[in-house]
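Inspection log for the structure reproduced underneath, given as structure tokens.
The values are calculated or read from the model by the stated rules, or taken from the named source; none is laboratory data. In this text, all values refer to a predicted model and were calculated from it rather than measured experimentally. Cβ sites come from the backbone with ideal geometry, for glycine too, and all protein chains shown count toward neighbours. Note: areas computed on protein heavy atoms with side chains; ligands, DNA, RNA excluded. Shrake-Rupley method; radii C 1.70, N 1.55, O 1.52, S 1.80 Å.
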Amino acid sequence: MKHSPVLPGNDVWMPMNTILIVDDEKNMRLVLSAMLKREGYEVLEAADGVEAKKIVKNSDVSVIVSDLKMPRLDGFGLLDWIAEECPAVPVIIITAHGTIANAVEAVKKGAFDYITKPFDQEDLKHIIGKAISTKNLTDQELVVSAREAGRHEIIGTSAPMRRLYD
């Protein structure tokens, strides 16, 4: 299944859906990357939250799939940063250290979903699809509000873009 760069029923070009996988385990990144590429997604990889921040700053990421426990900057730290810098990007947390307390904290910090390892690949694909649909709807709403505000087709929710709009 290939993902269209144009929203259905809309003449506004939207970028290809790019998934950022953030996990310190290389094998997990490889498995997720192969699975998502087969689904037609563009996939980027980072070994921790510090690398992920650099990628997000320089790429148009649709969804982030992140491990919770990582060196340098963990999943919670990445969630905090995403909430501040690009709140429209859904973050799905996957972890082998799943607890109710961690799940509650992740959701409070803005995680789109929280999945424990081992996980069912079909379930993960479904959750990623829902996250992309949610983001695309948010992006489409931004295009409409930007047009209404006289910004034409400029969209974005990152901190620099919000400052630009102001």
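Before moving on, here are some points about what is shown:
- Within-9-Å neighbourhood charge of residue 36 [Cβ basis; K, R +1; D, E -1]: +1
- Residue-normalised accessible area of region 61-127, given per residue in Å² at a 1.4 Å probe: 46 Å²
- By the equivalent-ellipsoid construction on the alpha carbon gyration tensor, region 6-110 comes out with semi-axes of 23, 16, 13 Å, ordered largest to smallest.
- DSSP assigns beta bridges within region 25-122; of those with both partners inside it, close to 0 percent run antiparallel.
- Ranked packing of 115-126, 75-86, most packed first, by mean Cβ within 10 Å: 75-86, 115-126
- Descending principal axes extents, region 59-99, alpha-carbon based, whole Å: 28, 18, 17
- Note on region 22-110: with neighbouring protein chains present and a 1.4 Å probe, carbon and sulfur make up 51 percent of its accessible heavy-atom surface.
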